[in-house]
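Below is one structure, written out as structure tokens; comments come after it.
Bear in mind that the values in this text are calculations on the coordinates, not laboratory data. Because the structure is a prediction, the values reported are computed rather than measured. Cβ sites come from the backbone with ideal geometry, for glycine too, and all protein chains shown count toward neighbours.
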Amino acid sequence: MAEPTRTSKDREDVKAEEPARTPPSALTDYVSRLRAEHRMLIALKAQLYGGSWEPMLDDLRNRLAGQPYIFKLANRIQDDIERIEEMKRFESEHGVDLADHVELP
């Protein structure tokens, strides 16, 4: 009978690539610079949108387009969209969820 094939998961000499992690100081610095508007959006993401930015962005874009939306955030929708996209990018690039690092109400 043939020997089982070994994959890189089985080999001790091959390490799986891990997503880039933000050094704690960079994360702390980023979180400390978040304004109240950013923190509110993070709290809403965690509490109303199941921890995902996409439904919140959909709501905001639908509101701008005059379509049905789930939650009224604020009158400054375009600013909120830009804040969300920037924080979403940071989370993706650094493998973190900002809700884990911001005190939620």
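Sum up the charges of everything whose Cβ sits under 15 Å from the Cβ of GLY50, counting Lys and Arg as +1 and Asp and Glu as -1, but leave GLY50 out.
Its environment carries a net charge of -4.
So what J values fall out for the range 47-53 if you push phi through Karplus, 6.51 cos²θ - 1.76 cosθ + 1.60 with θ = phi - 60°, rounded to Hz, Gly and Pro as x?
Using θ = phi - 60°, the values come out as 8, 10, 10, x, x, 10, 6 Hz.
How far, in nm, would the chain grow between ALA43 and GLU86 when pulled straight, counting 0.36 nm per residue and subtracting the alpha carbon separation? Before the final figure, lay out the partial values.
Working: separation 43, 0.36 × 43 = 15.48 nm, distance 1.56 nm.
13.9 nm is the gain from fully extending ALA43 to GLU86.
Using the Karplus curve 6.51 cos²θ - 1.76 cosθ + 1.60 with θ = phi - 60°, work out ³J(HN,Hα) for each residue of the range 35-45 in order, rounded to whole Hz, and write x for Gly and Pro.
For the range 35-45, the Karplus-derived couplings read 7, 4, 4, 5, 5, 4, 5, 5, 4, 5, 4 Hz, x marking Gly and Pro.
Among ASN62, ALA36, VAL96, flag the residue with its Cα farthest along the positive direction of the charge dipole of the range 36-100, charges on Cβ as +1 for Lys/Arg and -1 for Asp/Glu.
Positive-end residue among those listed: ASN62.
Using each residue's phi in the range 88-93, evaluate 6.51 cos²θ - 1.76 cosθ + 1.60 at θ = phi - 60° and report the 3J(HN,Hα) Karplus result to the nearest Hz, with x for Gly and Pro.
Karplus-based 3J(HN,Hα) across the range 88-93 equals 4, 4, 4, 4, 5, 5 Hz.
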